[in-house]
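Reviewing the structure listed below.
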Amino acid sequence: MATAPALDTQARVIIALALREVHTLYGGKSLGYLWAIFQTAFGVAVFWAVRYFAHAAAPHGMTVLTYLVSGFGIWNIIAQNLSKCMAAIDGNRALLTFPQVTPLDIMLARCLVVTSTQVVSMAIILGCGILFGYALQIADLGLLIYAIFLASLLGLGLGATLGSLAFYVPALHQIVPMIMRLLFFASGVFYSVSTFSHRVGDFLMLNPIMQIIELVRTALSNSYTSPYADVWYVTQVTVCSLFLGMLLERYVRRKVTQ
């Protein structure tokens, strides 16, 4: 069992790696930290325009802004955590020569930066919407926090699993981004699973990303409870991905440091 000094050292390492990651991601860009907000806002604006010209109102009694921000925000948390954690080993071999630094530390640091950045971006965009008269309903704050927590851990688990496998199968670095492009259109980022028949909805909800997005939209609407979302299912998938990812990371860690 880890001692208090060991945990303190690991925490310091993770914080230092997180600060390094922040500087690497945003310190060298002219827009700095605003770039993360612009990325999410641009995606929301594009699909908002599509829905506007198609005369498509947001379902569940939500505003279009809340509806799209919840979809893009959760997608970005999962997809970016996955890609950042997957690249943690190959992109930081020099850091891994230090005995205090492990691949898991780098993944946790990246996960912390990505999740906090996206949560702040979502909050700022929704806050700007409120200033312009758009209503924001938080029906279940506990569910909202838990769903965001699940999104972060799911990205971490999938990233750790795929990153460890990519150590032996480098082609995964090219294959996974293609799969993620397909999943973007199959995860309910800009549409609701309730628009499909029950048979199709049950199939689509095998995708844990869509499950989490539906949970967030349920938490942000007083008039909607997703008939498909299953907290227990997505929790199981997340825990399994974390368990497999941590197991593979421990195995790969020995190979990297040899």
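Just so it is clear, none of the values below were taken in a lab; they were calculated from the coordinates. Quick caveat, the model's predicted, so the values are computed rather than measured. All Cβ positions, even for glycine, are placed from backbone atoms using ideal geometry, and neighbour counts span all protein chains on display.
Taking the chain as the reference, fit the longest principal axis to its C-alpha atoms, fit the long axis of helix 4-22 to the helix C-alpha atoms, and give the angle between the two in degrees, 0 to 90, nearest 10.
It is inclined by approximately 60 degrees.
If you average 1/r across every pair of different Cα atoms in region 105-258 and take the reciprocal, what Kirkwood value do you get, in Å?
Over region 105-258, the inverse of the mean reciprocal pair distance is 17.2 Å.
Taking 30 Å as R0, compute the FRET efficiency from the Cβ-Cβ separation of THR225 and PHE185 and round it to 0.05.
With R0 = 30 Å, the Cβ-Cβ based efficiency is 0.75.
Limiting things to C-alpha atoms, what are the Rg and the maximum Cα-Cα separation (Dmax) for region 56-168, in angstroms?
Both quantities, over Cα of region 56-168: 17.1, 55 Å.
At each listed q (0.17 Å⁻¹), what is the log10 of I(q)/I(0) that the Debye formula gives for region 175-233 modelled as equal alpha-carbon point scatterers?
Once normalised to I(0) and log-transformed, intensities are -0.54.
Along the three principal axes, how long is the chain when you take its alpha carbons, biggest first, rounded to the nearest angstrom?
Result, largest extent first: 59, 43, 37 Å.
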